[in-house]
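For reference, the structure discussed in these notes is given below.
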Amino acid sequence: MSKFVLTNVRLFTAGVDLTSASNKVELTAKVEEKETTNYGSQANKEFVGGLASAEFAAEGQWEAGDPSKVDDATWAQLGGVGAWSVGPVGATVGSLAYLTKALRCDYKLGDAVGEVAPWTSSGKGSWPLARGQFAHPPGTARTATGTGTGLQLGAVAVGKRMYAALHVLSVAGTATPTITGRVESSVDNTFASPTTRLTHAAATAAGGEIVRTDGTAITDTWWRVAWTITGTTPSFMFASTLGIW
């Protein structure tokens, strides 16, 4: 991907799409440097990697009065740990995505008279920042059980994990409409005999969840999301991201 201007950054936290209320998003991934310099270092410092960490910081225009607005969402999430996904170039299937499980740890709002009311907030990662792709777009309603588009994200080496975030943005229907998301892998793009690697908790309301594999190696290189929908006249809007760390 060549150089570009940030014009279509997508921000999802738990079950809320904050894209239209944000105008700045910053991601930070760190690995602590631990010095191991010794008499055999030949007069050069040596380092090994320590603990990894991830951080999100965002800001934008303040809105309130609905669970999908930034003020309502932030108060509901403040002090809690949940799924965050960011797409620097949009949220179409296959677009670049970064995802993690983060603590919503601060919230600032207000400014001088005459200014557009602002907000700022940040999250501290409880899991590493994974890099991958959007596996389901937020603007496509699903009313029945189905599968998403296959993505060639690659194999997962031993000690690494596949991470999957699911952001359920809206729910409609009667008789308790429910969506259960899962992540499948395959040896090729046909998904002739897919293997379920992860399963999200069943969701009946807007919300978000991030899950990950257990660190064992997975040789399959193709991945996709799938979902099971139940209820009467159900309709779900959701975004899904997959990434490896």
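The values are calculated or read from the model by the stated rules, or taken from the named source; none is laboratory data. What you see is a predicted model, and the numbers here were worked out from it, not measured in a lab. All accessible areas refer to the heavy atoms of the entire protein, side chains included, with ligands and DNA or RNA removed. Shrake-Rupley method; radii C 1.70, N 1.55, O 1.52, S 1.80 Å.
Values for this structure:
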| item | result |
| --- | --- |
| Solvent-accessible area per residue for segment 87-238 (1.4 angstrom probe, square angstrom) | 44 |
| Along each principal axis, Cα extent of segment 60-177, largest first, Å | 53, 40, 26 |
| Helix-only [θ]222 nm of the chain, DSSP H runs n ≥ 4, -39500 (n - 2.57) each, per residue, nearest 500 | -1000 deg cm²/dmol |
| Kirkwood-based Rg to Rh ratio, segment 1-135, C-alpha trace | 1.10 |
| Amide hydrogen neighbours beyond the local backbone of Gly15, cut-off 5 Å, H modeled | Gly207, Gly208 |
| From phi via Karplus (6.51, -1.76, 1.60), per-residue ³J(HN,Hα) for segment 162-173 in Hz, x at Gly/Pro | 8, 10, 9, 10, 10, 10, 7, 8, 7, 9, 9, x |
| Close Lys-Lys pairs in the chain, where close means Cα under 24 Å and separation is 8 or more or interchain | 20 |
| For the chain, convex hull volume per residue from C-alpha positions, Å³ | 170 |
| Highest-fluctuation residue, Leu198, Leu109, Leu169 considered, GNM on the chain with Cα pairs under 10 Å | Leu109 |
| Solvent-accessible surface ranking, highest first, for Trp75, Trp84 at 1.4 angstrom | Trp75, Trp84 |
| Within the accessible area of the chain (1.4 Å probe), percent carbon and sulfur | 52 |
| Antiparallel bridges, percent of DSSP beta bridges restricted to segment 65-189 (to nearest 5) | 95 |
